[in-house]
Amino acid sequence: MPHRHRLATVTFALGTLPLAAQHTVRVTPATVQWGRFDAAAKPVLTVKSGEVVTMDTICGVPEMLERLGAAADDPIREMKQMYAEIKDRGPGPHFLTGPVAIEGAMPGDVLEVEILDIRLRSPYGWMMISPDAGALPDEFPYQREKLIPLDERNKTAEFAPGIHIPIRPFFGCFGVAPPDGRLSSGPPSYNAGNLDNKWLVAGTKVYIPVHVPGALFEVGDGHAAQGDGEVCITAIETNLTGVFRFTVRKDMKLRWPRAETPTHFITMGLHERLDEAARRATLEMIDYLMTAHNLSRDDAYMLTSAGVDLHVTQVVDGVKGVHATLPKAIFTAP
């Protein structure tokens, strides 16, 4: 089983974590699901609720990256190994590390995924325009690829001379297994999946409904930076390491993923039609306000209109995303 187990107090970007079991999952053909969340997948690691797992990820096509000028590093070597050895691929495009099973997680529970830290694995990112994809396929009916240097020290991506984009790394795709069969990693769904939500950075908690025993968490599709919409079909894609604390929540019942940052609570709406995605995000926020803050349905609807922002998460994954952001500060005394 490809993981390291140790007991320690570990310091990450958010400070000192309490004493807890720590595990690591590296990228190997045995620890990667290619393009899917699978109810029948065998866990590469099983942990107890509350434990912390560090997970490496990869994102890209090795020949493309080398052709663009990326120097061979561990992630490129790992990608080559995936292409050479993994035969069971798809239906989605992503390399997903996992699954990790969490003891005690059962259908109907909620998995709390606390993102403790996200680190770059490579000094480069990449972007792509792909024919028949993106928000403007008729305007850009061709392939174009671009390598983007990443400056970890200054936390910027050099898109072009004189154009530097702040790095705020996050994982575009992570989630749990469906109740049966396989679910593509391409569109987001009730299991979370390819949310492409740039708010889900280190310091965030994501709440995902559980559908199979153990939940079976997978993660991939690293992004160095992204604008809401992700209109050309890629963010600045890159290889990341994530540190996660998994907690089984038997006190919560959810239909769709939700999230919480230090400053905001976030509900999400997913649908092929953008207006329906917005409707679902709004209904989820109303439900949250009624449940967590004891508001009437009418007051929750009006508060959502007065104090909540709707953002277009992405429009390019078949299933479109809208997320509603509620500032926690409005609940503090003036």
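The values are calculated or read from the model by the stated rules, or taken from the named source; none is laboratory data. Because the structure is a prediction, the values reported are computed rather than measured. In this analysis, Cβ positions are derived from the backbone assuming ideal geometry, glycine residues included, and neighbour counts consider all displayed protein chains. Just the protein is used for accessible areas: all its heavy atoms, side chains included, with ligands, DNA and RNA removed. Shrake-Rupley method; radii C 1.70, N 1.55, O 1.52, S 1.80 Å.
For this structure, a couple of remarks:
- Long-range amide H partners of residue 90 with built H, under 5 Å: 34, 35
- These residues, 330, 236, go from largest to smallest accessible area, 1.4 Å probe, as 330, 236.
- Between the labelled values [x] 35, 21, 17; [y] 29, 25, 20; [z] 39, 27, 20, the entry that holds semi-axes √(5λ) of the Cα gyration tensor in Å as derived from this structure is [y].
- Counting 0.36 nm for each residue step from residue 88 to residue 298 and taking away their Cα separation leaves a gain of 70.6 nm.
- Ranked by the mean number of other Cβ atoms within 10 Å of their residues, highest first, the peptides 270-280, 200-210 fall in the order 200-210, 270-280.
- Probe 1.4 Å - accessible area at residue 309, Å² to nearest ten: 90
- Counting only protein heavy atoms and a probe of 1.4 Å, the accessible surface of the chain is 55% carbon and sulfur.
- Ligands, DNA and RNA are left out, and with a 1.4 angstrom probe the accessible area of segment 225-277 is 38 Å² per residue.
- Rounded to 5, percent antiparallel among DSSP beta bridges of the chain: 90
- Over the chain, relative contact order from alpha-carbon pairs under 8 Å, at least 6 apart, %: 20
- Segment 189-214-segment 219-272 distance, computed between alpha-carbon centres (Å): 5
- Ranked by the mean number of other Cβ atoms within 10 Å per residue, highest first, peptides 41-53, 315-327 order as 315-327, 41-53.
- Charge tally around residue 144: other residues with Cβ under 15 Å, Lys/Arg +1 each, Asp/Glu -1 each, net -2.
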